[in-house]
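Comments concern the structure below.
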2 protein chains.
Amino acid sequence: MRSHSHTANAVTAQSEAYSPCENCNVAGMSLCHALSCEELRELSAISTSLEVGRGVTIINETDPAEYLFNVTAGSVKLFKLLPDGRRQMTGFLFPGDFLGIAMNDLYAYSAEALEDSRLCRFPREKLEGLLNRLPQLEHRLLNMVSHELVLAQDQMLLLGRKTAVEKVSSFLISLVKRAGKPSTERQLVALPMGRSDIGDYLGLTTETVSRTLTNLKKQKIIAIPSGGGIEILDQESLDELAEGLD
Amino acid sequence: MRSHSHTANAVTAQSEAYSPCENCNVAGMSLCHALSCEELRELSAISTSLEVGRGVTIINETDPAEYLFNVTAGSVKLFKLLPDGRRQMTGFLFPGDFLGIAMNDLYAYSAEALEDSRLCRFPREKLEGLLNRLPQLEHRLLNMVSHELVLAQDQMLLLGRKTAVEKVSSFLISLVKRAGKPSTERQLVALPMGRSDIGDYLGLTTETVSRTLTNLKKQKIIAIPSGGGIEILDQESLDELAEGLD
DNA sequence: GCGTCATATTGACCTACATCAAAGACACAC
DNA sequence: GTGTGTCTTTGATGTAGGTCAATATGACGC
């Protein structure tokens, strides 16, 4: 399971009986959060649990949007492409996040697993039927999409107006926040994505990401342990760098 | 009513009796679209119509998010600022669009009228109460926010990966689309915003926007009539430039 | 151990766009 | 008409980050 672009056919589906929503271990942010037992059971009935290996394509931009997904384990990257191959990441997803937003019934982006991951899959049509009967669910979804939109606007500010250091610092900080920080100094944050994924997320090249990280390392603001991931040594300086305060 | 930053106090409020939703002339995309008469009346009961002059600040980033708004006439710009004053436009709004998305009950961006405009204002608390009773309304809102999110992702691709010509071309095309094109050749599109607003929307400087426009003019792809606005002379070339196909 | 492959880092050079600066082009007041 | 303020255009020059190219590092298989 090493190569770069399998199709969604390669996913492994399990029936909902095997892995029902009741046993779902996703913390607080998932689609199913804040539903009653009865509602959970209804949602469970239309969902399927999927395992996807690292590098597997989950959805393809401009394919018909048949499903919505909820990440339950692992991580996923979302991206859009220009005809000549230039790529823009639109997000990295972790357990609890959803994907499958569409435009005219076509997916608005492609999605690929960053590592071996598990997803919960909902047929769009059936889910929309459920939405009409479970206002709690629709409410939840509205909150999640609104939250996404706010993050997207932050990202526009980053892409349009921040410098390379500011971009990389902001990115590291957002990862720390996502990880639900125990707020100790010397925070270690996992980086399941490669430098070029980060570059395509920040509107930079691989090389610039690399150079910027080694600069931060030289300033003792971060450390780059050989096991992968990044250690935040000086959160305060990083916060200032991210907003251009220096 | 000429200067640059009045506060929201300067807006003129009218009671809902004066300008109720029933008389609202906004086409098809507004919040209130697709509601029954009964529902419209409920919505009308909590809404207030506002007139704001050009340059007036409607909401301020990080202020408590007390209201949601729906643009019914004119146009509005949304933006975020960095501490040192760098600005990123997150959107231009026209009749039918809404604003007031929040994060932790604080507005996620500032909004200012581009020209004399009219808005429909809803107290957030009351609107959320309504949402629980009017699933149609919540459904509508979910669709609008999802649509916004898709556009935001397109904008990320633009900001992170497109060149200046591609950005400006994409921008002009999106304006044509928004205007609901009668699809004649020689399309005239209004530009209520200045060059520097456009620059801050596209992640460019005023000068680069200006230079790029005069280049397009020299290539006979657009014309810049002295009355303001821009005339699209060669839509096809513009489409190709926008996607980097040349 | 060694070889292979993928990804990351570092260096030398280049360019698209920013910055700085100066001149037009309007609009409005008087 | 003339003056004033704002916005746009054009030109000259600078630079952050891109591009091209050469190592370096690490993971895995044998």
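Key figures for this structure:
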read-out: Solvent accessible area, Å² - residue B:37, 1.4 Å probe, full protein context; value: 100 Å²
read-out: Protein-only accessible surface order, largest first, of A:208, B:62 at 1.4 Å; value: B:62, A:208
read-out: Accessible area (Å², per residue) of the range A:180-246, counting only protein heavy atoms and a probe of 1.4 Å; value: 55 Å²
read-out: Computed accessible area, residue A:38, all protein chains, 1.4 angstrom probe, square angstrom; value: 100 Å²
read-out: Residues in the range B:65-97 that, when all protein chains are in place, have 20 Å² or more less accessible area than the chain alone would give (probe 1.4 Å); value: B:80, B:82, B:83, B:86, B:88, B:90
read-out: List A:214, B:205, ordered by accessible area with a 1.4 Å probe, largest first; value: B:205, A:214
read-out: Rounded Å value of the spacing that divides the Cα centres of the range A:154-169 and the range B:216-230; value: 32 Å
read-out: Amide H partners (placed H, <5 Å) of residue A:74, local residues excluded; value: A:118
read-out: Interchain or long-range residues, amide H under 5 Å from residue A:187's placed H; value: A:232
read-out: Accessible surface of residue A:198 - all protein chains present, 1.4 Å probe, nearest 10 Å²; value: 10 Å²
read-out: Total accessible surface hidden between A and B, rounded to 100 Å², 1.4 Å probe; value: 4100 Å²
read-out: Computed over the range A:30-126: relative contact order in percent, which uses C-alpha pairs under 8 Å that are six or more apart; value: 43 percent
read-out: Accessible surface of the range B:56-113, 1.4 Å probe, proportion on carbon and sulfur as whole %; value: 50 percent
read-out: Shielding of A:191-203 by partner chains, average beta-carbon count, 10 Å; value: 1
read-out: Protein-only accessible surface order, largest first, of B:105, B:154 at 1.4 Å; value: B:105, B:154
read-out: D (Stokes-Einstein, µm²/s), Kirkwood Cα radius, the range B:30-86, 1.002 mPa s at 20 °C; value: 151 µm²/s
read-out: Over 30 Å between alpha carbons, listed pairs A:126/B:162; A:77/B:80; A:80/A:167; A:162/B:126; B:77/B:126; A:77/A:162; value: A:126/B:162; A:162/B:126
read-out: Nearby aspartates and glutamates by direct alpha-carbon distance to residue A:218 (threshold 19 angstrom, same-chain neighbours under 8 apart not counted); value: A:166, A:185, A:207, A:231, A:234, A:236, A:239, A:240, A:246
read-out: Using alpha carbons only: equivalent-ellipsoid semi-axes of the range A:162-243, gyration tensor based, whole Å; value: 18, 14, 13
read-out: Apportionment of accessible area to carbon and sulfur, the range A:162-243, percent (1.4 Å); value: 49 percent
read-out: Whole-angstrom gap from the range A:60-84 to the range B:34-58, using each part's C-alpha centre; value: 36 Å
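The values are calculated or read from the model by the stated rules, or taken from the named source; none is laboratory data. Predicted model, so just to flag it, every value in this text is computed and none were measured. In this analysis, Cβ positions are derived from the backbone assuming ideal geometry, glycine residues included, and neighbour counts consider all displayed protein chains. Accessible surface areas use protein heavy atoms only, side chains included; no ligands, DNA or RNA. Shrake-Rupley method; radii C 1.70, N 1.55, O 1.52, S 1.80 Å.
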